[in-house]
1. Answer with yes or no whether A122 is at pLDDT below 90 and surrounded by fewer than 15 Cβ atoms within 10 Å (Cβ to Cβ).
2. Taking into account only those residues within the stretch 86-107 that are hydroxyl-bearing (S, T, Y) and open to solvent by 30 Å² or more (accessible area, probe 1.4 Å), which is nearest to the chain's Cα centre (by Cα)?
3. Only one of (1) open to solvent by 30 Å² or more (accessible area, probe 1.4 Å); (2) within 31 Å of the chain's Cα centre (by Cα); (3) not hydrophobic (A, V, I, L, M, F, W, C) fails for D83. Which number is that?
4. What about L246, is it crowded, with 19+ Cβ neighbours inside 10 Å, under 21 Å from V150 (Cβ atoms) and more than 24 Å from the chain's Cα centre (by Cα)?
5. Can you give me the number of residues within the stretch 251-266 that are under 16 Å from L104 (Cβ atoms) and not in a helix (DSSP H, G or I)?
6. Considering (1) within 30 Å of L245 (Cα to Cα); (2) open to solvent by 50 Å² or more (accessible area, probe 1.4 Å); (3) modelled with pLDDT under 85, say which one N154 fails and leave the rest.
7. Quick check on the stretch 186-196: of everything there that is in contact with a Phe, Trp or Tyr (Cβ under 9 Å, 6 or more places away or on another chain) and either surrounded by fewer than 20 Cβ atoms within 10 Å (Cβ to Cβ) or not β-branched (V, I, T) (or both), which residue is farthest from T236 (Cα to Cα)?
8. Could you grab the pairs with beta carbons closer than 9 Å, sequence gap of 6+ or different chains, first residue in the stretch 26-55 and under 29 Å from F69 (Cα atoms), second one open to solvent by 60 Å² or more (accessible area, probe 1.4 Å)?
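The values are calculated or read from the model by the stated rules, or taken from the named source; none is laboratory data. Since this is a predicted model, take the numbers as computed values, not measurements. Positions of Cβ are backbone-derived with ideal geometry, glycine not excepted, and every protein chain shown enters the neighbour counts. Accessible surface areas use protein heavy atoms only, side chains included; no ligands, DNA or RNA. Shrake-Rupley method; radii C 1.70, N 1.55, O 1.52, S 1.80 Å.
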Amino acid sequence: MIETMATAAEDLARPQDVVVRRDVKERRDWAKWGLGAYFALFLFFLYIPMILMAILSFQGDTGQLTFPFRGPISLDWWRTLWDTNLFNTIADDVSASGRQSFYLSIVAGVLVAVFGFSLSMAFRRRWRLKGDAIAFFVLMLALMTPAFLVGLGNQLLWKFMGYTPNLWYTALGANVIWGIPFAFLVMLAVWNRYDRHIEEAARDLGANGPTTFREVTLPLVWTGIFGSFLFGFTLTWNDFDRTILLQSGYESQPLPILIGTWPQSRPILPNLYALGAGTTTITLALIFVVLIAVTLRLRLRGAPVHSVEEEFGEESGGGIRVETPDSTPR
């Protein structure tokens, strides 16, 4: 009887079991298309000047600064960057300025990373006074102050104290001050997603403070420290407004000063385009090398680990054998 009723209930069509299908026209996401077009337009205006300069740097001996392109395609303007035997060569100036900019940027990047990391640690450990908000905005003040005013104020201060502006003292200090807020913000972002319980676990396992900092904290936040270094390096490498007011005229000029004062010191030729395209290419190549290194490191860290199975008396069939005191398997 029960089976007969169940069969009848299954055969009976219920209205709620009917699937209604409607042809729904897919709506176009105009906001997505608009944002995509805006992003493409932004990239176009950002990179097209560099692309055009790179194209014009491959002109022949009669090349000019504007289109049309004057052939044949040649590397003569590029060779003036390193060959001292060519006419209109700038190899000596480029070599001296490149080394000066590189060394200055390396030192500034290291100092910015150290100071930014130290200041962020102070805020993280809450070694604060009641005016911690005021201290935060004082740090951000260097970020909001115009670069020319920072350079001019530093120049007046050093001259008032009787010191001559120098690239390795006054200009380096101004660039470090300029980069510290960027490094500080990067490190704050890193600390916001940092789990302090990891350090507590290390201390519970017997690690002291220096060991925990060296073997636990630093490996977890090294990306923020490296990002702070890149900020200090890049800002100093590209700086013009502060550096031009805080260097003496008796030392090798950094690359931004060399390029910025080019029209006053020498005729503008396509080798200027070659220099700009070359520095941009080197910078992008270094970025790609760093990204490849980080990607390989992450893949190596994420490789599967072949763990050793613990001995639980596992048999070939995959079951677990539990032995009783009388050695009778169950």
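1. On the way: at pLDDT below 90: yes; surrounded by fewer than 15 Cβ atoms within 10 Å (Cβ to Cβ): yes.
Spelling it out, A122 is indeed at pLDDT below 90 and surrounded by fewer than 15 Cβ atoms within 10 Å (Cβ to Cβ).
2. Step one: of the stretch 86-107, the residues hydroxyl-bearing (S, T, Y) are 89, 95, 97, 101, 103, 105.
In the following step, the residues that additionally are open to solvent by 30 Å² or more (accessible area, probe 1.4 Å) were identified as 89, 95, 103.
Working: T89: 34, S95: 26, Y103: 19 Å.
So, considering only residues that are hydroxyl-bearing (S, T, Y) and open to solvent by 30 Å² or more (accessible area, probe 1.4 Å), the one nearest to the chain's Cα centre (by Cα) is Y103.
3. Unmet for D83, out of (1) open to solvent by 30 Å² or more (accessible area, probe 1.4 Å); (2) within 31 Å of the chain's Cα centre (by Cα); (3) not hydrophobic (A, V, I, L, M, F, W, C): (2).
4. Values: crowded, with 19+ Cβ neighbours inside 10 Å: yes; under 21 Å from V150 (Cβ atoms): yes; more than 24 Å from the chain's Cα centre (by Cα): yes.
So L246 fits the description; yes.
5. Start the filter on the stretch 251-266 by keeping residues that are under 16 Å from L104 (Cβ atoms), which leaves 251-260.
Narrowing the set further to residues that are not in a helix (DSSP H, G or I) leaves 251-254.
The qualifying residues number 4.
6. N154 satisfies all of (1) within 30 Å of L245 (Cα to Cα); (2) open to solvent by 50 Å² or more (accessible area, probe 1.4 Å); (3) modelled with pLDDT under 85 except (2).
7. Start the filter on the stretch 186-196 by keeping residues that are in contact with a Phe, Trp or Tyr (Cβ under 9 Å, 6 or more places away or on another chain), which leaves 186-188, 191.
Checking which are either surrounded by fewer than 20 Cβ atoms within 10 Å (Cβ to Cβ) or not β-branched (V, I, T) (or both) leaves us with 187-188, 191.
Numbers: M187: 19, L188: 22, W191: 25 Å.
Looking at residues that are in contact with a Phe, Trp or Tyr (Cβ under 9 Å, 6 or more places away or on another chain) and either surrounded by fewer than 20 Cβ atoms within 10 Å (Cβ to Cβ) or not β-branched (V, I, T) (or both), I get W191.
8. L52/F67; A54/T281; I55/F67; I55/F69
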